[in-house]
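A short worksheet on the structure shown next.
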């Protein structure tokens, strides 16, 4: 495991109370794999990414990177580790500085993490990275973000993440603002880079069809908790948790084959409750057609039901 | 599929519509001869990527194009009459009584400083004209529509401000509003784009259910291919301001013909896995200076010598489909 998250919690104090954005989650990412973290708005998936890169300090719990605890305030995190863990944000237009050229943007991490580099070396490296992500440097080096399309901006953001030579990248909905033909381009670049540099990805998305095609394992979050975690194939062919089934049954698809794969027994109803005041017991019970008394009384344990397949639901672990 | 008899007049027919935008950079030639039609009771989808002119086409139909847009040519026939030639008051009557539109962003479609109920009352008063209604009946009607779109606690929603509702609830309010005024045609422009997938599923099922119950014609515009597939009878595909292909919905998704449609569908990730294509090479063209001939030719893998000289007309394919591509010329 390159990254291990243990009993992680992140609460935000707001004027109306406490938002429990992440409430005790545990998972690990193996070296060189893509780990998909899916969920709807308000599930806490982006907050998880932010805590891992150090934007927020966790309320409690541990994050181990190559065995070293990084759940310390960002200022105390060794610079070596900051360099190792990078992030690509959802909206490339707001994550690139509009006053800087592509060259400045991609060069910045080198100025911070590779202080010994000469400016000529830096320039050569910027060029190499831009080529790597499929942007011809002679065309793009001196452009400003406003002169880029949405897909091109995201490629620049990826180039910037690569500049510090990381081994772990958090991809927070990197293609959800883009059209499918451009999404396909970005994903193929990301997969190519992963093979080349043995990168590990935490891929955060709400798009189940996409996650099926990019990740090796998938975890699903709802109201700050992980409810199911499984190898991708199992997750899609044999989903267990009612929420997973509801989510899968809601995905709009393009072919008959996909239609057959969708669970039929659970249709989407209701809306996600406020994370300020989550339901007692299992947080999904208010929308779950299979809920019974126990679900409101006892919180289901996150337990392994088969090799590598974990689920938190009373239907599967009656002893919990 | 409705039967297509030649002498029947479609509900709405767009013929060779050309729209440009005046900007500081020059004239953007956006719509370049858009053709499509919708029969009474038919549900039609328009798919295409950002900037392909889907929304411009709809705005032209509703006559709500921004002031810098110029309609360069073409006709929009409603029951055989060109709505582009109607006076504002003539068209207002149609827009008020026959058509309705659901927009992409329900938050922007509702006024944030008025209660939801008040806003809907105002719109109903306007659409009914003066002196022919009773205030309590109007409220009844709105509450009834709220029930129909399955809003929980409709009385409370009536007295809520938009910010007190979730995104899904706001979109339900907008659908209720559309239902109150649409008697014939519902235009839904990306109605579920900003919503979570479980909510999207609920809203799409709701729209599907309501239009069939009320026998409305629907134009669904979306870049979400799967959403369109689940709702409509026939699909049009747009690329860079032109219609490139149309066909019955299952045929189109099973056997896309135009090189653009094929590339677009193969870019979409599948729930069954199997990997993703590399996408479509190149970029969408600049409308300031669009490619000659077929607008897709610079990115097309099947380009022939004629493609950059002459724009292709429509060629017929199986199941009543039409494709604007010279590959299908010999048929």
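The values are calculated or read from the model by the stated rules, or taken from the named source; none is laboratory data. Bear in mind that the values here come from a model prediction, so they are computed numbers and not experimental data. Note: ideal-geometry Cβ built from the backbone for every residue, glycine included; neighbour counts use all protein chains shown.
Okay, here's what the table says:
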| read-out | value |
| --- | --- |
| Of all residues making up segment A:1-31, the number that are within 20 Å of residue A:64 (Cβ to Cβ) and touching a strand residue (DSSP E or B) at 6+ places or on another chain (Cβ under 6 Å) | 19 |
| Entirely in segment A:188-278, the helices (runs of 4 or more DSSP H) that have 2 or more residues that are over 20 Å from the mean Cα position of the chain (by Cα) | A:242-250, A:256-261 |
| Failed criterion for residue A:233 (all others in (1) facing another protein chain (nearest Cβ under 7 Å); (2) closer than 22 Å to residue A:171 by Cβ; (3) without any contact (Cβ under 8 Å) to a residue 24 or more places away in the chain hold) | (1) |
| Candidates A:22, A:52, filtered to the one that is touching a helix residue (DSSP H, G or I) at 6+ places or on another chain (Cβ under 6 Å), within 30 Å of residue A:251 (Cβ to Cβ), touching a residue at least 12 places away in the same chain (Cβ under 8 Å) and outside any loop (DSSP other than H, G, I, E, B) | A:22 |
| Some residue of segment B:207-224 being without any contact (Cβ under 8 Å) to a residue 12 or more places away in the chain, closer than 22 Å to residue A:253 by Cβ and surrounded by fewer than 23 Cβ atoms within 10 Å (Cβ to Cβ) | yes |
| Among (1) under 13 Å from the mean Cα position of the chain (by Cα); (2) crowded, with 21+ Cβ neighbours inside 10 Å; (3) under 29 Å from residue B:141 (Cα atoms) - the single one residue B:204 does not satisfy | (1) |
| Residues of segment A:179-193 that turn out to be crowded, with 22+ Cβ neighbours inside 10 Å and either touching a residue at least 60 places away in the same chain (Cβ under 8 Å) or within 9 Å of another protein chain (Cβ to nearest Cβ) (or both), as a count | 9 |
| Output for segment A:55-82, where each listed residue is part of a helix (DSSP H, G or I) and either at pLDDT 90 or above or over 19 Å from residue A:201 (Cα atoms) (or both) | A:74, A:75, A:76, A:79 |
| From the options A:256, A:271, A:228, residue that is away from every other protein chain (no Cβ under 11 Å) and either out of contact with any strand residue (DSSP E or B) (no Cβ under 8 Å at 6 or more places or on another chain) or more than 28 Å from residue B:222 (Cα to Cα) (or both) | A:228 |
| Lone unmet requirement of (1) more than 12 Å from chain A (Cβ to nearest Cβ); (2) under 17 Å from residue B:44 (Cα atoms); (3) under 18 Å from the mean Cα position of the chain (by Cα) for residue B:319 | (3) |
| Subset of segment B:258-275 (residues that are facing chain A (nearest Cβ under 7 Å), touching a residue at least 40 places away in the same chain (Cβ under 8 Å) and more than 26 Å from residue A:231 (Cα to Cα)) | B:264, B:265 |
| Hits in segment A:204-217 - residues which are within 12 Å of chain B (Cβ to nearest Cβ) and within 24 Å of residue A:20 (Cα to Cα) | A:205, A:206, A:207 |
| Segment B:276-286, subset surrounded by 18 or more Cβ atoms within 10 Å (Cβ to Cβ) and facing another protein chain (nearest Cβ under 7 Å), residue modelled with the highest pLDDT | B:280 |
| So residue B:168, is it touching a helix residue (DSSP H, G or I) at 6+ places or on another chain (Cβ under 6 Å), within 13 Å of chain A (Cβ to nearest Cβ) and assigned to a helix (DSSP H, G or I) | yes |
| Search result, residues across segment B:225-275 that are over 19 Å from the mean Cα position of the chain (by Cα), over 30 Å from residue B:289 (Cα atoms) and surrounded by fewer than 23 Cβ atoms within 10 Å (Cβ to Cβ) | B:251, B:254, B:255, B:270, B:272, B:273, B:274, B:275 |
| Filtered residue count, segment B:233-246, keeping only those that are in contact with a strand residue (DSSP E or B) (Cβ under 6 Å, 6 or more places away or on another chain) and either within 12 Å of chain A (Cβ to nearest Cβ) or free of Cβ contacts under 8 Å to residues at least 24 places away in the same chain (or both) | 1 |
| Residues satisfying the stated conditions in segment A:97-136, i.e. under 21 Å from residue A:184 (Cα atoms) and either surrounded by fewer than 12 Cβ atoms within 10 Å (Cβ to Cβ) or free of Cβ contacts under 8 Å to residues at least 60 places away in the same chain (or both) | A:129, A:130, A:131, A:134, A:135, A:136 |
| Failed item, numbered, when residue A:152 is tested on (1) assigned to a helix (DSSP H, G or I); (2) within 14 Å of chain B (Cβ to nearest Cβ); (3) within 19 Å of the chain's Cα centre (by Cα) | (3) |
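Each row is one residue, and each column tells you yes or no for (1) in contact (Cβ under 8 Å) with a residue 24 or more places away in the chain; (2) touching a strand residue (DSSP E or B) at 6+ places or on another chain (Cβ under 6 Å); (3) part of a loop (DSSP other than H, G, I, E, B).
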| site | (1), (2), (3) |
| --- | --- |
| B:112 | yes, no, yes |
| B:122 | no, no, no |
| B:126 | yes, no, no |
| B:151 | yes, no, yes |
| B:156 | no, no, no |
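Yes/no per residue for (1) modelled with pLDDT under 95; (2) under 15 Å from residue A:89 (Cβ atoms); (3) surrounded by fewer than 24 Cβ atoms within 10 Å (Cβ to Cβ):
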| residue | (1), (2), (3) |
| --- | --- |
| A:138 | yes, no, yes |
| A:176 | yes, yes, yes |
| A:201 | no, yes, no |
| A:204 | no, yes, no |
| A:211 | no, no, no |
